[in-house]
1. Return the pair list, or none, for Cβ contacts closer than 7 Å from residues in segment 48-60 that are under 21 Å from ALA36 (Cβ atoms) to residues that are of a type in the set (Ser, Thr, Tyr), at least 6 apart or on different chains.
2. Among the numbered criteria (1) of a type in the set (S, T, N, Q); (2) assigned to a helix (DSSP H, G or I); (3) farther than 30 Å from ILE17 by Cα, which single criterion is violated by THR52?
3. If you take the residues in segment 62-74 that are hydrophobic (A, V, I, L, M, F, W, C) and farther than 30 Å from LYS86 by Cβ, which one is surrounded by the fewest Cβ atoms within 10 Å (Cβ to Cβ)?
4. Tell me which of these GLY6 doesn't satisfy, since it passes every other one: (1) modelled with pLDDT of 95 or more; (2) surrounded by fewer than 11 Cβ atoms within 10 Å (Cβ to Cβ).
5. Can you report the number of residues in segment 31-61 which are within 19 Å of the chain's Cα centre (by Cα) and surrounded by fewer than 15 Cβ atoms within 10 Å (Cβ to Cβ)?
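The values are calculated or read from the model by the stated rules, or taken from the named source; none is laboratory data. Quick caveat: nothing in here was measured; it's all calculated off a predicted structure. All Cβ positions, even for glycine, are placed from backbone atoms using ideal geometry, and neighbour counts span all protein chains on display.
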Amino acid sequence: MVKLAGKFVKSVMPGVIKPIHVLWNEMIGFIFLVFAIVGWFNGYRYFRLIETEPDALGRFALTAIFASVMTYFAVSSFRRARKISKT
């Protein structure tokens, strides 16, 4: 009975784990993409305030860095999901 269960796990689990792994990467990529979009909108808002508020330049720089990192994470997560699904 144990041998049969082991055979079942070896044959079924790769077919189940691979789609879950792809879905996980896509969900994480979507969350990073949402953070990036919000960051870029806030960055645009701070960019427009640079001439009137002295603190806006620092806020813009930090927001742009944050949005860039989140964009990179989103793109790399989607690329990783695509790579996993092709193999």
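1. Every condition considered, the pairs that remain are ALA56/TYR46; ARG59/TYR46; PHE60/TYR46.
2. Going through (1) of a type in the set (S, T, N, Q); (2) assigned to a helix (DSSP H, G or I); (3) farther than 30 Å from ILE17 by Cα one by one, THR52 breaks only (2).
3. Applying the first criterion (hydrophobic (A, V, I, L, M, F, W, C)) to segment 62-74 yields 62, 64-67, 69-70, 73-74.
From the residues that got through so far, the ones that are farther than 30 Å from LYS86 by Cβ too are 62, 64-66.
Numbers: LEU62: 14, ALA64: 17, ILE65: 12, PHE66: 17.
Looking at the filtered set, the residue picked out is ILE65.
4. (1)
5. 5
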